[in-house]
Amino acid sequence: MLSVIQPAQTGMPPMTTLTVIRPRPEDVEGQPILRPLPSRECRSVGPFVFFDHMLPTRYAPGSGMNIRQHPHIGLSTLTYLFEGTLLHKDSLGSDQVVQAGEVSWMTAGSAIAHVERTPEAVKASGFTLHGLQVWLASPKHHETGPGHYSHHPAASLPVSDNLGVQVRLIAGSGFCLKSPVPVLSPTLYAEVRMQTATTLLIPDEHEERAVYVLEGDAQLDGEPLAVHSLVVLPAGQEMTLSAESDCHLVILGGAPLDGPRRINWNFVASDPAVIEQARQR
């Protein structure tokens, strides 16, 4: 089914309320996930057009996740684990084990195919998998370029740790940090861990922003945030996160899309004809 994502309109007065998205549950090859993007309430946040939270799942010895080979166009995928290990292989020849805290970044360009599965050595003893996979729509001038893959160790990601608040920049820039991940448009993607009774100011440097609550009792400008909710912030306003308990969150956003995007299966494009061509391959 074809889905159309419209970029945010510019020149509109800023919103004064939060948009709260309750994710829908899905199952991907036996792995339970929550998917807040895309949704009826919000189709994209900055370049982010797809957001999957892989819920903490314990796999018995001998079992594991196995996402079979599938193609992509017009997007970049970013996989980031909190716990567990995955093996990434793609049609470029990449063969990379991805551990918790590392970034697996794949830009599809005009065409790429990949698989993600649990390494055999990890399956042997049983394990827990917990993480996120997001899709970022490529700018129009990058939609049909060459594919690319890069792996970024945990130690390469910049971290700010101050007064009980830790911010790790997964991709893009923000909070006076810049990630080495080669994003294609202005992007904010940060993992945040907050101790009880701490606060974090979310600046307005990125036009579109959202907060996803993984765990804990958090508030945004005094408004309680439900666990596993994606909360889209008003444009042009600084807002303050406060932790009523120890909290684990991610903050995402960036510049609005440079035009509408179509999503069909694993394909993203500004031109529906490009998607149809990809489907015929």
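No value in this document is a laboratory result; all are computed from the given coordinates. No experiment lies behind these values; they were computed from the predicted model shown. Backbone-built Cβ (ideal geometry, glycine too); neighbour counts: all protein chains shown.
Side notes on the structure shown:
- Mean Cα-pair separation over length for the chain, i.e. relative contact order, pairs under 8 Å, 6 or more apart, %: 22
- Relative contact order for segment 176-263: 41 percent, from Cα pairs under 8 Å spaced at least 6 residues apart, divided by residue count.
- Longest site-free stretch - the chain; sites: GluC sites (Glu not before Pro), DSSP loop, at most 11 other Cβ within 10 Å: 30-237
- Comparing Ala255, Ala269, Thr199 along the charge dipole axis of segment 198-281, the residue lying farthest to the positive side is Ala269, per the Cβ-charge model.
- Over segment 98-158, Cα pairs under 8 Å with separation of 6+ residues give a relative contact order of 68 percent.
- For segment 11-96, trypsin sites (Lys or Arg not before Pro) meeting the loop criterion (DSSP other than H, G, I, E, B) and having at most 15 other Cβ atoms within 10 Å: Arg40.
- Dipole magnitude for segment 21-75: about 120 debye, using +1 per Lys or Arg Cβ and -1 per Asp or Glu Cβ, origin at the Cα centre.
- Sum of side-chain charges, Phe127 neighbourhood, beta-carbon under 15 Å (Lys, Arg +1; Asp, Glu -1): 0
- Pairwise centroid distance, computed over Cα atoms, of segment 207-281 with segment 21-48, Å: 9
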